[in-house]
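These notes are about the structure you will find just below.
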Amino acid sequence: MPIRQLSPQPVWQWFADICAVPHPTYQEAALAALIMERARAKGLGARQDEKGNIYLRKPACGEGMAAKSGVILQAHIDMVAQKTPESAHDFSRDPIRPRIEGGWVYADQTTLGADNGIGAAMALAVAFADDIPHPPLEVLLTVEEETGMGGVRAVRADYLQGRYLLNLDSEEHGSIYLGCAGGRDAELSLPLMQQAAAGQRWRITVGGMLGGHSGIDIHRGRGNAIKLLADTLKRFSDGLDWRLAALHGGRLRNVIPREACAEIVLPPQQADALHTLLAEAARQARAELGAHGGKLFIRAENIAHDGLAFSTESGRRAVDLLCALPDGVIRWSDDFSGVVETSICLSVADTNAEQLHVCLLMRSLLETPKNALGRQLAAIADLSGAELLLDGDYPGWKPDASSKLFAAAQPVFAARLGREPKTEVLHAGLECGLMQQRLPDVEMISFGPTIEGAHTPWERVETATVAECWEILLDVLAKGV
(Lines give C-alpha, C1' and ligand atoms only; values in the text may rest on other atoms or scores of the structure.)
Protein backbone atom coordinates (compact mmCIF):
# COMPACT_ATOMS: atom_id res chain seq x y z
CA MET A 1 0.00 0.00 0.00
CA PRO A 2 1.40 3.46 -0.85
CA ILE A 3 1.91 5.72 2.18
CA ARG A 4 -0.48 8.26 0.60
CA GLN A 5 -3.32 5.91 1.57
CA LEU A 6 -2.39 5.91 5.26
CA SER A 7 -4.48 7.87 7.73
CA PRO A 8 -4.52 10.79 8.23
CA GLN A 9 -4.24 11.22 4.48
CA PRO A 10 -3.44 14.98 4.45
CA VAL A 11 -0.33 14.31 6.56
CA TRP A 12 0.86 11.27 4.62
CA GLN A 13 0.24 12.92 1.27
CA TRP A 14 2.46 15.79 2.28
CA PHE A 15 5.06 13.41 3.65
CA ALA A 16 5.05 11.46 0.38
CA ASP A 17 5.59 14.72 -1.51
CA ILE A 18 8.47 15.61 0.82
CA CYS A 19 10.06 12.19 0.28
CA ALA A 20 9.82 12.65 -3.49
CA VAL A 21 12.10 15.72 -3.48
CA PRO A 22 15.73 15.23 -2.38
CA HIS A 23 16.34 17.44 0.67
CA PRO A 24 19.49 16.61 2.64
CA THR A 25 20.93 19.50 4.63
CA TYR A 26 22.14 22.33 2.35
CA GLN A 27 20.04 20.95 -0.52
CA GLU A 28 16.56 22.00 0.63
CA ALA A 29 15.97 24.60 -2.09
CA ALA A 30 13.90 22.39 -4.41
CA LEU A 31 11.61 21.27 -1.60
CA ALA A 32 11.27 24.83 -0.34
CA ALA A 33 10.35 25.99 -3.86
CA LEU A 34 7.63 23.34 -4.08
CA ILE A 35 6.13 24.41 -0.76
CA MET A 36 6.26 28.10 -1.66
CA GLU A 37 4.64 27.51 -5.05
CA ARG A 38 1.77 25.57 -3.52
CA ALA A 39 1.32 28.05 -0.67
CA ARG A 40 0.98 30.98 -3.05
CA ALA A 41 -1.43 29.03 -5.24
CA LYS A 42 -3.49 28.31 -2.11
CA GLY A 43 -3.60 31.99 -1.22
CA LEU A 44 -1.53 31.69 1.94
CA GLY A 45 0.82 34.41 3.02
CA ALA A 46 4.22 33.05 2.05
CA ARG A 47 7.71 34.47 2.26
CA GLN A 48 11.30 33.35 2.72
CA ASP A 49 14.25 34.99 4.43
CA GLU A 50 17.75 35.19 3.00
CA LYS A 51 18.66 31.80 4.49
CA GLY A 52 15.74 30.05 2.84
CA ASN A 53 13.50 29.56 5.88
CA ILE A 54 9.79 29.50 4.99
CA TYR A 55 7.12 31.58 6.73
CA LEU A 56 3.47 30.82 5.97
CA ARG A 57 0.55 32.78 7.38
CA LYS A 58 -3.13 31.89 7.47
CA PRO A 59 -6.05 33.69 9.13
CA ALA A 60 -7.95 32.06 11.97
CA CYS A 61 -10.49 29.41 10.99
CA GLY A 62 -13.63 28.60 12.97
CA GLU A 63 -16.07 30.38 15.24
CA GLY A 64 -14.38 32.47 17.93
CA MET A 65 -10.87 31.49 16.85
CA ALA A 66 -9.86 34.94 15.62
CA ALA A 67 -9.99 36.23 19.21
CA LYS A 68 -7.44 33.68 20.41
CA SER A 69 -3.70 34.20 20.50
CA GLY A 70 -1.77 33.24 17.38
CA VAL A 71 0.06 29.91 17.12
CA ILE A 72 3.28 29.09 15.25
CA LEU A 73 3.79 25.54 14.00
CA GLN A 74 7.50 24.92 13.61
CA ALA A 75 9.56 22.14 11.98
CA HIS A 76 12.65 21.80 9.79
CA ILE A 77 12.76 20.51 6.21
CA ASP A 78 16.32 19.18 5.95
CA MET A 79 17.13 15.55 6.68
CA VAL A 80 20.18 13.52 7.70
CA ALA A 81 21.61 11.58 4.74
CA GLN A 82 22.73 8.12 5.85
CA LYS A 83 22.62 4.82 3.96
CA THR A 84 23.82 1.25 4.26
CA PRO A 85 27.20 0.37 2.69
CA GLU A 86 25.53 -1.60 -0.08
CA SER A 87 23.04 1.13 -1.02
CA ALA A 88 23.59 3.01 -4.29
CA HIS A 89 21.22 5.82 -3.23
CA ASP A 90 22.29 9.35 -4.23
CA PHE A 91 20.72 11.78 -1.75
CA SER A 92 21.29 14.74 -4.06
CA ARG A 93 19.26 13.14 -6.86
CA ASP A 94 17.19 10.17 -5.73
CA PRO A 95 13.85 10.36 -3.89
CA ILE A 96 13.39 8.61 -0.56
CA ARG A 97 11.45 5.38 -1.13
CA PRO A 98 9.21 4.74 1.88
CA ARG A 99 7.68 1.36 2.61
CA ILE A 100 5.16 0.10 5.19
CA GLU A 101 6.04 -2.85 7.37
CA GLY A 102 4.19 -3.97 10.49
CA GLY A 103 2.69 -0.64 11.45
CA TRP A 104 5.86 1.33 10.72
CA VAL A 105 7.14 3.30 7.73
CA TYR A 106 10.76 2.76 6.73
CA ALA A 107 12.91 3.81 3.78
CA ASP A 108 14.87 1.50 1.48
CA GLN A 109 18.35 1.19 3.09
CA THR A 110 18.47 4.92 3.87
CA THR A 111 17.31 7.36 6.46
CA LEU A 112 13.60 8.06 6.06
CA GLY A 113 13.54 11.74 6.91
CA ALA A 114 10.63 11.38 9.32
CA ASP A 115 12.99 13.53 11.37
CA ASN A 116 11.59 16.09 10.68
CA GLY A 117 9.54 15.49 7.53
CA ILE A 118 6.57 14.18 9.52
CA GLY A 119 6.50 17.33 11.63
CA ALA A 120 6.66 19.49 8.51
CA ALA A 121 3.91 17.40 6.90
CA MET A 122 1.60 17.89 9.87
CA ALA A 123 2.17 21.65 9.88
CA LEU A 124 1.53 21.89 6.14
CA ALA A 125 -1.57 19.70 6.37
CA VAL A 126 -3.07 22.17 8.85
CA ALA A 127 -2.08 25.20 6.80
CA PHE A 128 -3.61 23.83 3.59
CA ALA A 129 -6.84 22.53 5.16
CA ASP A 130 -10.13 24.38 4.80
CA ASP A 131 -12.03 22.78 7.68
CA ILE A 132 -9.64 22.64 10.65
CA PRO A 133 -10.42 25.16 13.43
CA HIS A 134 -7.38 27.08 14.57
CA PRO A 135 -6.33 30.50 15.87
CA PRO A 136 -4.35 32.87 13.64
CA LEU A 137 -1.76 30.48 12.26
CA GLU A 138 1.85 30.69 11.16
CA VAL A 139 4.05 27.89 9.90
CA LEU A 140 7.81 28.25 10.22
CA LEU A 141 9.87 25.69 8.30
CA THR A 142 13.60 26.07 8.81
CA VAL A 143 16.61 24.77 6.90
CA GLU A 144 20.02 23.41 7.95
CA GLU A 145 18.80 22.21 11.34
CA GLU A 146 20.83 19.02 11.27
CA THR A 147 24.23 20.67 10.87
CA GLY A 148 24.46 23.35 13.53
CA MET A 149 21.00 24.94 13.47
CA GLY A 150 21.97 27.18 10.58
CA GLY A 151 18.41 28.03 9.57
CA VAL A 152 17.04 28.99 12.95
CA ARG A 153 20.05 31.22 13.58
CA ALA A 154 18.76 33.37 10.70
CA VAL A 155 15.07 33.40 11.67
CA ARG A 156 13.49 36.85 11.38
CA ALA A 157 11.57 37.60 14.55
CA ASP A 158 9.85 40.48 12.78
CA TYR A 159 8.29 37.96 10.37
CA LEU A 160 6.46 36.21 13.23
CA GLN A 161 3.51 37.39 15.30
CA GLY A 162 2.31 34.28 17.19
CA ARG A 163 2.22 34.12 20.97
CA TYR A 164 2.63 30.33 21.25
CA LEU A 165 4.89 27.93 19.37
CA LEU A 166 4.38 24.20 18.81
CA ASN A 167 7.63 22.55 17.79
CA LEU A 168 6.88 19.28 15.97
CA ASP A 169 10.38 17.76 16.09
CA SER A 170 10.15 15.34 19.04
CA GLU A 171 10.30 11.59 18.62
CA GLU A 172 8.51 9.94 21.56
CA HIS A 173 4.74 9.96 21.30
CA GLY A 174 2.85 10.68 24.49
CA SER A 175 5.41 13.11 25.83
CA ILE A 176 5.47 16.88 26.05
CA TYR A 177 8.97 18.28 25.81
CA LEU A 178 9.72 21.45 27.73
CA GLY A 179 13.48 21.68 27.36
CA CYS A 180 16.49 20.38 25.48
CA ALA A 181 20.26 20.33 25.51
CA GLY A 182 22.45 22.90 23.89
CA GLY A 183 25.45 21.96 21.78
CA ARG A 184 28.90 22.95 20.60
CA ASP A 185 31.11 21.61 17.80
CA ALA A 186 34.76 20.78 18.30
CA GLU A 187 37.28 20.19 15.52
CA LEU A 188 40.87 19.06 16.00
CA SER A 189 43.59 19.06 13.36
CA LEU A 190 46.76 17.06 14.01
CA PRO A 191 49.73 17.45 11.62
CA LEU A 192 51.02 14.19 10.12
CA MET A 193 54.20 13.45 8.19
CA GLN A 194 54.27 11.01 5.27
CA GLN A 195 57.34 8.90 4.50
CA ALA A 196 58.34 5.96 2.37
CA ALA A 197 57.29 2.68 3.97
CA ALA A 198 58.07 -0.88 2.91
CA GLY A 199 55.81 -3.82 3.61
CA GLN A 200 52.29 -5.08 2.97
CA ARG A 201 49.34 -2.71 3.13
CA TRP A 202 46.24 -3.82 5.02
CA ARG A 203 42.84 -2.19 5.31
CA ILE A 204 41.31 -2.80 8.74
CA THR A 205 37.56 -2.23 8.89
CA VAL A 206 35.33 -1.97 11.93
CA GLY A 207 31.67 -2.37 10.96
CA GLY A 208 28.32 -3.91 11.74
CA MET A 209 27.64 -1.41 14.53
CA LEU A 210 24.26 0.20 15.13
CA GLY A 211 25.21 3.89 15.26
CA GLY A 212 22.39 6.30 15.96
CA HIS A 213 21.56 9.86 16.93
CA SER A 214 24.48 11.39 18.79
CA GLY A 215 22.14 12.90 21.38
CA ILE A 216 19.11 10.73 22.08
CA ASP A 217 21.03 7.46 21.53
CA ILE A 218 24.31 8.41 23.22
CA HIS A 219 23.46 6.54 26.42
CA ARG A 220 22.34 3.28 24.81
CA GLY A 221 25.75 1.62 24.82
CA ARG A 222 25.92 0.96 21.09
CA GLY A 223 29.62 1.70 20.83
CA ASN A 224 31.52 4.02 18.50
CA ALA A 225 33.33 2.58 15.47
CA ILE A 226 36.07 5.25 15.53
CA LYS A 227 36.83 4.63 19.20
CA LEU A 228 36.85 0.86 18.69
CA LEU A 229 39.18 1.20 15.69
CA ALA A 230 41.56 3.44 17.65
CA ASP A 231 41.58 0.99 20.57
CA THR A 232 42.28 -1.87 18.15
CA LEU A 233 45.21 -0.01 16.59
CA LYS A 234 46.55 0.81 20.04
CA ARG A 235 46.73 -2.93 20.74
CA PHE A 236 49.27 -3.25 17.91
CA SER A 237 51.88 -1.12 19.65
CA ASP A 238 53.44 -3.93 21.67
CA GLY A 239 53.24 -6.79 19.17
CA LEU A 240 53.49 -5.42 15.62
CA ASP A 241 55.90 -3.24 13.67
CA TRP A 242 53.18 -1.23 11.96
CA ARG A 243 52.77 2.17 10.32
CA LEU A 244 49.51 4.05 9.89
CA ALA A 245 48.81 5.03 6.27
CA ALA A 246 45.17 6.28 6.37
CA LEU A 247 42.15 6.44 8.68
CA HIS A 248 38.53 7.26 7.93
CA GLY A 249 35.42 7.03 10.11
CA GLY A 250 32.04 8.73 10.35
CA ARG A 251 30.50 11.27 8.01
CA LEU A 252 28.22 13.58 9.99
CA ARG A 253 28.78 15.43 13.24
CA ASN A 254 25.45 14.40 14.78
CA VAL A 255 25.64 10.67 14.03
CA ILE A 256 27.32 7.97 16.13
CA PRO A 257 29.69 6.35 13.61
CA ARG A 258 28.78 2.81 12.56
CA GLU A 259 31.91 2.10 10.50
CA ALA A 260 35.56 3.12 10.45
CA CYS A 261 38.62 1.87 8.60
CA ALA A 262 42.37 2.31 8.80
CA GLU A 263 45.14 1.36 6.40
CA ILE A 264 48.41 0.16 7.87
CA VAL A 265 51.73 -1.03 6.49
CA LEU A 266 53.13 -4.18 8.08
CA PRO A 267 56.04 -6.58 7.49
CA PRO A 268 54.74 -9.66 5.59
CA GLN A 269 55.79 -12.06 8.35
CA GLN A 270 53.44 -10.36 10.84
CA ALA A 271 50.21 -11.02 8.91
CA ASP A 272 49.22 -13.98 11.09
CA ALA A 273 49.78 -11.96 14.27
CA LEU A 274 47.58 -9.20 12.82
CA HIS A 275 44.68 -11.57 12.29
CA THR A 276 45.08 -13.00 15.79
CA LEU A 277 44.97 -9.54 17.37
CA LEU A 278 41.93 -8.51 15.35
CA ALA A 279 40.02 -11.66 16.25
CA GLU A 280 40.64 -11.07 19.94
CA ALA A 281 39.69 -7.39 19.69
CA ALA A 282 36.43 -8.32 17.96
CA ARG A 283 35.63 -11.00 20.54
CA GLN A 284 36.15 -8.61 23.42
CA ALA A 285 34.15 -5.83 21.74
CA ARG A 286 31.19 -8.12 21.09
CA ALA A 287 31.26 -9.29 24.69
CA GLU A 288 31.33 -5.69 25.93
CA LEU A 289 28.52 -4.49 23.65
CA GLY A 290 26.28 -7.47 24.41
CA ALA A 291 23.05 -7.34 22.42
CA HIS A 292 24.37 -4.34 20.45
CA GLY A 293 27.41 -6.27 19.21
CA GLY A 294 25.80 -9.18 17.41
CA LYS A 295 26.77 -8.02 13.91
CA LEU A 296 30.04 -6.31 14.81
CA PHE A 297 33.10 -7.28 12.81
CA ILE A 298 36.75 -6.29 12.61
CA ARG A 299 38.45 -7.60 9.49
CA ALA A 300 41.64 -7.09 7.53
CA GLU A 301 42.04 -7.02 3.76
CA ASN A 302 45.35 -7.01 1.91
CA ILE A 303 45.35 -4.09 -0.58
CA ALA A 304 47.71 -2.41 -3.04
CA HIS A 305 50.49 -0.37 -1.45
CA ASP A 306 51.62 2.98 -2.88
CA GLY A 307 54.86 2.93 -0.89
CA LEU A 308 53.89 5.68 1.57
CA ALA A 309 52.72 5.80 5.17
CA PHE A 310 52.87 8.23 8.06
CA SER A 311 55.96 8.31 10.22
CA THR A 312 55.83 5.95 13.18
CA GLU A 313 55.72 8.86 15.62
CA SER A 314 52.98 10.88 13.91
CA GLY A 315 50.82 7.83 13.17
CA ARG A 316 50.90 6.65 16.74
CA ARG A 317 50.26 10.17 18.00
CA ALA A 318 47.11 10.18 15.85
CA VAL A 319 45.94 6.90 17.39
CA ASP A 320 46.76 8.15 20.88
CA LEU A 321 44.70 11.29 20.24
CA LEU A 322 41.66 9.25 19.17
CA CYS A 323 42.04 6.97 22.18
CA ALA A 324 42.31 9.91 24.58
CA LEU A 325 39.33 11.89 23.30
CA PRO A 326 36.17 11.52 25.43
CA ASP A 327 33.08 9.91 23.95
CA GLY A 328 29.66 9.10 25.41
CA VAL A 329 27.81 10.16 28.53
CA ILE A 330 29.80 12.53 30.73
CA ARG A 331 27.18 13.14 33.42
CA TRP A 332 23.54 12.36 34.17
CA SER A 333 21.19 15.14 35.25
CA ASP A 334 20.50 15.68 38.94
CA ASP A 335 17.33 17.62 38.13
CA PHE A 336 15.67 15.29 35.59
CA SER A 337 15.69 11.59 36.39
CA GLY A 338 16.97 9.37 33.60
CA VAL A 339 18.09 12.31 31.44
CA VAL A 340 21.68 12.78 30.28
CA GLU A 341 23.00 16.16 31.36
CA THR A 342 26.25 16.26 29.36
CA SER A 343 27.67 14.09 26.58
CA ILE A 344 30.12 14.16 23.72
CA CYS A 345 30.31 12.16 20.50
CA LEU A 346 33.47 11.58 18.49
CA SER A 347 31.67 11.57 15.18
CA VAL A 348 34.21 12.02 12.35
CA ALA A 349 37.90 11.18 11.90
CA ASP A 350 39.64 11.53 8.56
CA THR A 351 43.23 11.70 7.33
CA ASN A 352 44.80 13.20 4.25
CA ALA A 353 48.48 13.37 3.35
CA GLU A 354 49.13 16.12 5.88
CA GLN A 355 46.81 15.81 8.85
CA LEU A 356 44.19 14.01 10.90
CA HIS A 357 40.92 15.92 11.14
CA VAL A 358 38.51 15.05 13.96
CA CYS A 359 34.97 16.31 14.66
CA LEU A 360 33.13 16.00 17.96
CA LEU A 361 29.73 17.27 19.10
CA MET A 362 29.22 18.07 22.77
CA ARG A 363 25.76 18.51 24.28
CA SER A 364 24.62 19.71 27.68
CA LEU A 365 21.56 21.00 29.48
CA LEU A 366 23.90 23.52 31.13
CA GLU A 367 26.49 25.91 29.76
CA THR A 368 29.26 25.34 32.32
CA PRO A 369 29.80 21.65 31.46
CA LYS A 370 30.20 22.58 27.79
CA ASN A 371 32.88 25.05 28.81
CA ALA A 372 34.59 22.41 30.98
CA LEU A 373 34.57 19.93 28.09
CA GLY A 374 36.09 22.59 25.88
CA ARG A 375 38.94 23.05 28.35
CA GLN A 376 39.45 19.28 28.51
CA LEU A 377 39.68 19.10 24.73
CA ALA A 378 42.11 22.04 24.75
CA ALA A 379 44.34 20.18 27.19
CA ILE A 380 44.28 17.03 25.06
CA ALA A 381 45.05 19.12 21.97
CA ASP A 382 48.00 20.76 23.70
CA LEU A 383 49.41 17.42 24.82
CA SER A 384 49.04 15.85 21.38
CA GLY A 385 50.18 18.83 19.32
CA ALA A 386 46.77 19.31 17.66
CA GLU A 387 44.95 22.53 16.91
CA LEU A 388 41.45 22.90 18.42
CA LEU A 389 38.54 24.93 17.05
CA LEU A 390 35.32 25.31 19.06
CA ASP A 391 32.38 26.60 17.02
CA GLY A 392 28.67 26.27 16.26
CA ASP A 393 27.50 26.86 19.82
CA TYR A 394 23.77 26.88 20.42
CA PRO A 395 21.97 27.22 23.76
CA GLY A 396 19.76 24.75 25.52
CA TRP A 397 16.06 25.36 25.93
CA LYS A 398 15.28 26.13 29.55
CA PRO A 399 12.14 24.32 30.80
CA ASP A 400 9.15 26.41 31.91
CA ALA A 401 6.54 24.18 33.52
CA SER A 402 4.50 27.24 34.54
CA SER A 403 3.65 28.30 30.99
CA LYS A 404 0.03 28.75 29.93
CA LEU A 405 0.66 26.71 26.78
CA PHE A 406 1.87 23.72 28.78
CA ALA A 407 -1.12 24.00 31.13
CA ALA A 408 -3.51 24.09 28.17
CA ALA A 409 -1.85 21.16 26.39
CA GLN A 410 -1.71 18.74 29.33
CA PRO A 411 -5.45 17.93 29.53
CA VAL A 412 -5.64 17.62 25.74
CA PHE A 413 -2.90 15.00 25.78
CA ALA A 414 -4.46 13.21 28.75
CA ALA A 415 -7.86 13.00 27.04
CA ARG A 416 -6.37 11.44 23.89
CA LEU A 417 -3.86 9.18 25.63
CA GLY A 418 -6.05 8.01 28.50
CA ARG A 419 -3.23 8.93 30.87
CA GLU A 420 -1.19 11.91 31.89
CA PRO A 421 1.50 12.77 29.33
CA LYS A 422 5.12 12.45 30.33
CA THR A 423 6.97 15.71 30.74
CA GLU A 424 10.41 15.41 29.19
CA VAL A 425 13.68 17.22 28.66
CA LEU A 426 15.46 16.06 25.50
CA HIS A 427 19.18 15.34 25.30
CA ALA A 428 19.35 16.61 21.75
CA GLY A 429 19.16 19.95 20.01
CA LEU A 430 15.75 21.39 19.29
CA GLU A 431 15.45 24.75 17.63
CA CYS A 432 13.50 26.01 20.62
CA GLY A 433 16.69 27.07 22.41
CA LEU A 434 17.62 29.55 19.69
CA MET A 435 13.97 30.43 19.07
CA GLN A 436 13.67 31.33 22.74
CA GLN A 437 16.47 33.86 22.29
CA ARG A 438 14.81 35.42 19.25
CA LEU A 439 11.25 35.27 20.59
CA PRO A 440 11.64 35.70 24.36
CA ASP A 441 7.91 36.34 24.92
CA VAL A 442 6.72 33.27 23.01
CA GLU A 443 5.83 30.14 25.03
CA MET A 444 6.85 26.81 23.50
CA ILE A 445 6.32 23.08 23.79
CA SER A 446 7.48 20.23 21.56
CA PHE A 447 5.85 16.92 20.69
CA GLY A 448 5.68 14.39 17.89
CA PRO A 449 5.03 10.75 16.92
CA THR A 450 7.31 7.86 17.77
CA ILE A 451 10.41 7.77 15.55
CA GLU A 452 13.11 5.16 16.08
CA GLY A 453 16.57 4.91 14.57
CA ALA A 454 16.81 8.57 13.63
CA HIS A 455 20.03 9.41 11.75
CA THR A 456 20.48 5.75 10.71
CA PRO A 457 19.35 3.71 7.68
CA TRP A 458 16.95 1.90 10.03
CA GLU A 459 14.94 5.04 10.83
CA ARG A 460 11.22 4.33 11.10
CA VAL A 461 8.05 6.12 12.22
CA GLU A 462 5.07 4.39 13.83
CA THR A 463 1.90 5.04 11.84
CA ALA A 464 -0.54 4.74 14.77
CA THR A 465 1.32 7.43 16.70
CA VAL A 466 1.27 9.75 13.67
CA ALA A 467 -2.53 9.47 13.64
CA GLU A 468 -2.85 10.09 17.36
CA CYS A 469 -0.31 12.93 17.34
CA TRP A 470 -2.32 14.55 14.52
CA GLU A 471 -5.50 14.41 16.60
CA ILE A 472 -3.67 15.93 19.57
CA LEU A 473 -2.37 18.74 17.37
CA LEU A 474 -5.88 19.48 16.09
CA ASP A 475 -7.28 19.41 19.64
CA VAL A 476 -4.60 21.81 20.90
CA LEU A 477 -5.32 24.20 18.03
CA ALA A 478 -9.10 23.99 18.52
CA LYS A 479 -8.81 24.64 22.24
CA GLY A 480 -6.40 27.53 21.90
CA VAL A 481 -4.79 29.25 24.86
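Round to the nearest 0.05 the FRET efficiency obtained for Ala414 and Ser92 when R0 = 45 Å and r is the Cβ-Cβ distance. Efficiency, from the Cβ-Cβ distance: 0.55. Counting only alpha carbon atoms, the long axis of helix 367-384 and the longest principal axis of the chain meet at about 20°. Extension gain for Ser337-Ala304 works out to 6.6 nm (0.36 nm per residue, less the C-alpha to C-alpha distance). Building the convex hull from the alpha-carbon atoms of segment 1-120 and averaging its projection over directions returns 9.1 nm². FRET efficiency for the Ala279 to Leu389 pair, using the beta carbon distance and R₀ = 25 Å, is estimated at 0.05.
Taking only the C-alpha atoms of segment 430-476, Rg followed by Dmax gives 14.0, 39 Å. Once the Cα atoms are used to define both axes, helix 463-479 deviates from the longest principal axis of the chain by about 40 degrees. Sorting 231-244, 206-219 by average packing, meaning the other beta carbons within 10 Å per residue, from highest down gives 206-219, 231-244. Per residue, the accessible area of the chain comes to 40 Å², computed with a 1.4 Å probe over protein heavy atoms only. For segment 177-311, the C-alpha radius of gyration sits at 1.18 times the compact-globule guess of 2.2 N^0.38 Å, with N the residue count.
Volume per residue for segment 112-208 equals 217 cubic angstrom (convex hull of Cα atoms). Each Lys or Arg adds one and each Asp or Glu takes one away; over the other residues whose Cβ falls under 15 Å from the Cβ of Pro421, this sums to -3. Calculated over segment 343-481, the projected area of the Cα convex hull averaged across directions stands at 11.5 nm².
Segment 139-185 and segment 424-481 have their alpha-carbon centroids 9 Å apart. Counting charges near Met1 (Lys, Arg +1; Asp, Glu -1) among other residues having Cβ under 13 Å from its Cβ returns a value of +1.
Heavy-atom surface analysis with a 1.4 Å probe gives the chain a carbon and sulfur content of 49 percent of its accessible area.
For segment 402-481, the mean projected area of the C-alpha convex hull, equal to one quarter of the hull surface, is 6.3 nm². Think of the chain as having a plus end and a minus end, set by charges on the Cβ of Lys, Arg, Asp and Glu; of Ala107, Ile216, Ala478, Ala478 sits farthest toward the positive end of this dipole.
Extension gain for the segment Thr423 to Ser311, taken as residue separation times 0.36 nm less the Cα-Cα distance, is 35.0 nm to one decimal.
Stokes-Einstein diffusion of segment 45-187 at 37 °C, 0.692 mPa s viscosity, Kirkwood radius from Cα pairs, rounded to a whole number: 192 µm²/s.
Go through [x] 0.95; [y] 0.98; [z] 1.02 and flag the label whose value is the computed Rg/Rh (Cα atoms, Kirkwood Rh) for this structure. Looking at Rg/Rh (Cα atoms, Kirkwood Rh) for this model, the match is [z]. Once every DSSP H run of n ≥ 4 in the chain is given -39500 (n - 2.57) and the sum is divided by its residues, what mean residue ellipticity at 222 nm do you get, rounded to the nearest 500 deg cm²/dmol? It lands at -9500 deg cm²/dmol.
Our summary gives the chain a relative contact order of 23 percent, counting only alpha carbon pairs under 8 angstrom and 6 or more residues apart.
The values are calculated or read from the model by the stated rules, or taken from the named source; none is laboratory data. This is a predicted model, so every value here is computed, not measured. Positions of Cβ are backbone-derived with ideal geometry, glycine not excepted, and every protein chain shown enters the neighbour counts. Side chains are part of the model used for accessible areas, which takes the heavy atoms of the whole protein and leaves out ligands, DNA and RNA. Shrake-Rupley method; radii C 1.70, N 1.55, O 1.52, S 1.80 Å.
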